[in-house]
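Data first, discussion second: the structure below is written as structure tokens.
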Amino acid sequence: IKRRLAGLTSRCPRVLEHVQRAVGALDGVRGTPHSFDGLDELLSVQPYRLAYWRVAAEEINYRRFFDINELAAIRVEDPAVFERVHAYAFELVKRGAVDGLRIDHVDGLFDPGDYLQRLQARARDARPDLFTADEPLYLVVEKILGEDEQLPEWPVAGTTGYDFLVKVNGVFVERHNERAMNDVYERFARLRVPFREIAYRGKQLVLRVSMAGELNVLGHRLNMFSERNRHYRDFTLNSLTQAMREIIACFPVYRTYVNERETEVDEQDRLAIERAVREAKRRNPNRAPAVYDFVRDLLLKKGDYIPESERDEHMKFVGKFQQVTSPVTAKGIEDTALYIYNRLVSLNEVGGEPDHFGGSPERLHAYLARRAERWPHALSTTSTHDTKRSEDVRARLNVLSELPGAWKQATARWARANRRARTSIEGQSYPSRNEEYLLYQTLVGSWPLEPLDAEGTRTYRDRIVGYMLKAMREAKVFTSWLNASEVHESAMAAFIDAALAPENA
């Protein structure tokens, strides 16, 4: 728009003169508070509200890419939007330039199953000579599966391969040494919190901070349903919002796929919803269980008191709820918990279960056999743009599981050598033992194979400082992307400088 306006004003002096007059009229009397009145009046009649960016977490009313407010989500469930967004992709398919598509973050869609069906239908329209119902367009979806979760019966060739990555990596972890590695980590980091608890707290943090706005919108929609029935109308907005917050934080998978097309809720979805509600009740014995049951029944399409004329609104609520559980899980686990639970970080991978310490070759072969039978053309990846570490780093770190005794001695020796590099921040020694443990694993996993000269040492140092800064901000314990703590970040950089000093390296 700015480029078009600049082009217009350069070609038409009368338009330029008019714009300058308008700006001058808004300028008012400079140096006085009233000089902003004209601009404020203009902004107040716009279809948006100009606001400080930090209020977006609680008051934003549009979907976005996680908590990045500038990346507004689009409603591809709208046919017109679907066509506009995919015009170029369909043109490539029609020309034969591509014969497959990778769908990123499919769980962020309102109805992934319907979306994938429409993609296949449009591919058949574009190239009926190539694609049919029996020989469809090759589609793979970026879908994070829980340990026992099965990919829904979508018209795809399979996933992009995170499940494959996790299963294969587990074979290279010595599962018989789990207790010994637990002992090394817990004694060094002085942290005995199970991963599941850290994941729950991470999702709660996301719901309170970066996605509070989405939760508030859901809470108000839920409140409207409760007011329509005499058994539920006394549920307060606060109690309903709190119940949803707990259920979302306890969700065992990224999301469910309840939709209006199916008369019955899929068994896998039903079990996930009921499990989340049971766990939420267990964690909140002082809360009325009826509130959680009310939410459960809505999610399972059991709201018999809702008139048929309002079923569309009911399913929109269910769809929006499912759209929220996915980013909350992604941010709470992938971008929070995986940077706090540092027992063996080669297991801290997208789609992984860090509290599951390795796997047997027999389990891997059984998984591959099931995969070959149902999804023979799924991708087999070992690294993507979203993986936390590359294959070589994971391979090095997996070896530590075979050497718990040597690893325990090494970390203790390094901690003694670097003791003087610690900083006192508000009476606490920093970095934390948990962060220090992560740093040592990072160094083991990335240490260069060849000796470094002065320039190489500086480059490596900068890489490690950059990584630890990212890890600290993702963990959100002492600093974060939204509220950076310069004192903690500077202290970590100084600690790394000392650890990599020639006398210690």
*For the stretch 253-263, take each phi angle, set θ = phi - 60°, evaluate the Karplus expression 6.51 cos²θ - 1.76 cosθ + 1.60, and give the result in whole Hz per residue in order, putting x for glycine and proline.*
10, 5, 6, 10, 9, 5, 8, 7, 6, 9, 6
*With all pairs of different alpha carbon atoms counted, what Kirkwood hydrodynamic radius in Å does the stretch 302-450 show?*
19.5
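At 25 °C and 0.890 mPa s, grab the translational diffusion coefficient of the chain from Stokes-Einstein with a Kirkwood Rh over Cα pairs, rounded to a whole number in µm² per second.
On the way: Rh = 26.4 Å.
Rounded to a whole number, D works out at 93 µm²/s.
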*asked:* From Cα pairs below 8 angstrom and at least 6 apart in sequence, can you work out the relative contact order of the stretch 270-376, rounded to a whole percent?
replied: 13
*asked:* How high is the relative contact order of the stretch 197-352? Use alpha-carbon pairs under 8 Å, at least six apart in sequence, and give a whole percent.
replied: 34
*How high is the relative contact order of the stretch 1-84, in percent, counting Cα pairs under 8 Å that sit 6 or more residues apart?*
10
*Past 18 Å, Cα to Cα, is the threshold; run LYS281/LYS331; LYS143/LYS331; LYS301/LYS331; LYS331/LYS476; LYS331/LYS470; LYS143/LYS388 against it and keep the listed order.*
LYS281/LYS331; LYS301/LYS331
*Two-site label geometry, LEU71 and GLN20: point separation in nm, points 7 Å out along Cα→Cβ*: 4.2
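Show me the trypsin sites (Lys or Arg not before Pro) within the stretch 151-255 that DSSP assigns to loop and that have at most 16 other Cβ atoms within 10 Å of their Cβ. Display every interim value, and only then the final one.
On the way: sites: LYS167, ARG175, ARG179, ARG187, ARG190, ARG192, ARG196, ARG201, LYS203, ARG208, ARG221, ARG228, ARG230, ARG233, ARG245, ARG255; in loops: ARG190, ARG192, ARG228, ARG230, ARG233, ARG255.
Within the stretch 151-255, the qualifying trypsin sites (Lys or Arg not before Pro) (loop, at most 16 other Cβ atoms within 10 Å) are ARG190, ARG192, ARG228, ARG230, ARG233.
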*Near-label residues of the stretch 480-501 by backbone N, under 16 Å of a point 7 Å along Cα→Cβ of ALA417*: 495-501
*Pull up all non-local amide H partners of ILE103: gap of 5 or more, or a different chain, and H-to-H distance under 5 Å with H placed in the peptide plane.*
VAL140, VAL141, GLU142
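Quick check: from the Cα gyration tensor, does the stretch 64-219 come out rounded (a/c under 1.5), prolate or oblate?
Values: a/c = 3.25, a/b = 1.63, b/c = 2.00.
It comes out oblate by the Cα gyration axes.
Would the stretch 201-281 count as rounded, prolate or oblate if I go by the C-alpha gyration tensor, calling it rounded below 1.5 in a/c and otherwise prolate when a/b exceeds b/c, oblate otherwise?
Values: a/c = 1.69, a/b = 1.07, b/c = 1.58.
In terms of gyration-tensor shape, oblate.
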*At most 10 other Cβ within 10 Å, DSSP loop - chymotrypsin sites (Phe, Trp or Tyr not before Pro), the stretch 363-449*: none
_Cα-based reach from LYS302 at 18 Å (exclusive), listing aspartates and glutamates while leaving out same-chain residues under 8 positions away_ = GLU227, GLU260, GLU262, GLU264, ASP266, GLU267, ASP269, GLU274, ASP293, GLU310, ASP312, GLU313
*Rounded to the nearest 5, what is the percent of antiparallel bridges among the DSSP beta bridges in the chain?*
45
*Say the dipole of the stretch 155-232 comes from +1 at the beta carbon of Lys and Arg and -1 at that of Asp and Glu; which of VAL184, PHE195, MET211 then lies farthest toward its positive end?*
MET211
*asked:* At 1.4 Å probe radius, can you tell me the per residue accessible area of the stretch 415-457 in Å²?
replied: 59
*Quick one: Karplus J couplings for the stretch 359-369, per residue in order, coefficients 6.51, -1.76, 1.60, θ = phi - 60°, nearest Hz, x for Gly and Pro?*
x, 7, x, 5, 5, 5, 5, 5, 4, 5, 5
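State the percentage of accessible surface on the stretch 361-505 attributable to carbon and sulfur atoms; use a 1.4 Å probe and exclude ligands, DNA and RNA. Present the calculation step by step, with values, prior to reporting the outcome.
Details: 4500 of 8250 Å².
Result for the stretch 361-505: 55 percent of the exposed heavy-atom area is carbon or sulfur.
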_Please compute the length gained on full extension between GLU391 and TRP53, using 0.36 nm multiplied by the number of residues separating them and subtracting their Cα-Cα distance._
117.9 nm
*Tell me, what is the FRET efficiency for GLU310 and ASN284 to the nearest 0.05, using R0 = 30 angstrom and their Cβ-Cβ distance as r?*
0.55
*Taking amide H positions as placed 1.01 Å from N in the peptide plane, with prolines and chain starts having none, which residues 5 or more places from THR423, or on another chain, fall under 5 Å of its amide H?*
TYR430
*What is the Cα centroid distance between the stretch 438-505 and the stretch 202-222, reported in whole angstrom?*
33
*So what are the ³J(HN,Hα) numbers for the stretch 226-243, from phi and the Karplus equation (6.51, -1.76, 1.60; θ = phi - 60°), rounded to whole Hz, Gly and Pro as x?*
5, 6, 8, 9, 5, 6, 10, 5, 8, 5, 7, 4, 5, 5, 5, 5, 5, 5
*Amide proton proximity set for SER480, modelled H, under 5 Å, gap of 5+*: SER485
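Give me the dipole magnitude in Debye, nearest 20, for the stretch 348-444 about the Cα centre, with unit charges on the beta carbon: positive for Lys and Arg, negative for Asp and Glu.
So the dipole magnitude of the stretch 348-444 works out to roughly 400 debye.
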*For ALA484 paired with ARG11, estimate the spin-label separation in nm (one decimal), with each label point 7 Å from Cα along the Cα-to-Cβ line.*
4.3
*In the stretch 144-177, which GluC sites (Glu not before Pro) fall in coil by DSSP and have 16 or fewer other Cβ atoms within 10 Å?*
GLU147, GLU149, GLU153
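Given the alpha-carbon gyration tensor of the stretch 340-406, what are the semi-axes of its equivalent ellipsoid in whole angstrom, ordered largest first, with each equal to the square root of 5 times an eigenvalue? Display every interim value, and only then the final one.
Values: eigenvalues 118, 49, 23 Å².
Result for the stretch 340-406: semi-axes of 24, 16, 11 Å.
The values are calculated or read from the model by the stated rules, or taken from the named source; none is laboratory data. Given the structure is predicted, the values throughout are model-derived calculations rather than measurements. Quick reminder, even Gly has a Cβ in these numbers, built from the backbone with ideal geometry, and neighbours come from all protein chains shown. The protein model used for the area step is the full one, side chains on, heavy atoms only, and it has no ligands, DNA or RNA in it. Shrake-Rupley method; radii C 1.70, N 1.55, O 1.52, S 1.80 Å.
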